[in-house]
Amino acid sequence: MTPPSRPIPPVPRGRRLPALDPRPEDEPVEAVVALGSNLGDTSATIDDAVRAIRRLPLVDEVRVSRTFTTVALRPDGPDPDAPEFANAVAIVTTRLAPQVLLGMLHAIEEEHGRIRAERWGDRTLDLDLIAYGDMRSDDPHLLLPHPRAFERAFVLEPWLEVDPDAVLPGRGPVADLLAGLEDGA
């Protein structure tokens with residue numbers, strides 16, 4: 001008997017799924033998702049986004065850091081005049097293909113009113129796929145690992161809290177990366 005097919009979630013306007021294999025993985029993979037919000041009730045938004053991730057199909061476990069408050073970051077540096085960000089990291093054990101997971105994360109953002117009007121602008125919800133196992137992808141629609149994660153303490157610190165032995169593929173132990181940022185290296 002053929003198993004019932006699962007619908008692929010809609011991709012938010014202006015986005016497309018990368019041309020990689022969207023079929024579920026055979027074995028569960030740990031994916032790292034960074035959560036951020038600096039508009040509205042940021043704490044409630046982060047909590048609601050975590051609940052939405054837990055409800056995704058083919059997600060077995062979600063481990064979440066506490067929420068960290070950080071200064072908004074703009075292309076030219078920190079912006080202390082902007083609303084502060086609530087940031088967290090979730091480690092998601094899933095069999096979803098990475099591009100399907102990313103599409104679902106974008107759909108969760110859209111459900112929370114995310115508008116992509118300004119790069120690095122204020123937002124109701126930002127969900128970034130930081131890593132998917134040890135997978136590497138340079139597809140412009142699925143960059144893995146996230147190309148700037150290694151230089152963002154607001155990603156590394158909560159990630160380290162959830163997984164003290166975390167390693168960012170191609171960059172090394174998260175603890176070392178975070179120490180390098182704290183030392184100004």
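A few notes on this one:
- Residue 137 accessible area, 1.4 Å probe, all protein chains in place, Å² to nearest 10: 20 Å²
- Whole-Hz ³J(HN,Hα) from phi, Karplus 6.51 cos²θ - 1.76 cosθ + 1.60, for region 93-101, glycine and proline x: 8, 8, 10, 5, 5, x, 5, 6, 4
- Amide H partners (placed H, <5 Å) of residue 123, local residues excluded: 38, 39
- Using a probe radius of 1.4 angstrom, the carbon and sulfur fraction of the accessible surface of region 44-84 is 47%.
- What you get for region 75-166, charging only the Cβ of Lys and Arg (+1) and of Asp and Glu (-1), is a dipole of about 360 debye around the Cα centre.
- Normalised per residue, the accessible area of region 19-175 is 48 Å², obtained with a 1.4 Å probe and no contribution from ligands, DNA or RNA.
- Scanning residues 5 or more positions from residue 137 or on other chains, those with amide H under 5 Å from its amide H are 144, with H placed 1.01 Å from N in the peptide plane.
- Once all protein chains are placed together, residue 160 keeps about 40 Å² accessible to a 1.4 angstrom probe.
The values are calculated or read from the model by the stated rules, or taken from the named source; none is laboratory data. No experiment lies behind these values; they were computed from the predicted model shown. As a convention, Cβ positions derive from the backbone with ideal geometry for all residues, glycine included, and neighbour counts pool all protein chains shown. Accessible surface is based on the protein model in full, side chains and every heavy atom, while ligands, DNA and RNA are left aside. Shrake-Rupley method; radii C 1.70, N 1.55, O 1.52, S 1.80 Å.
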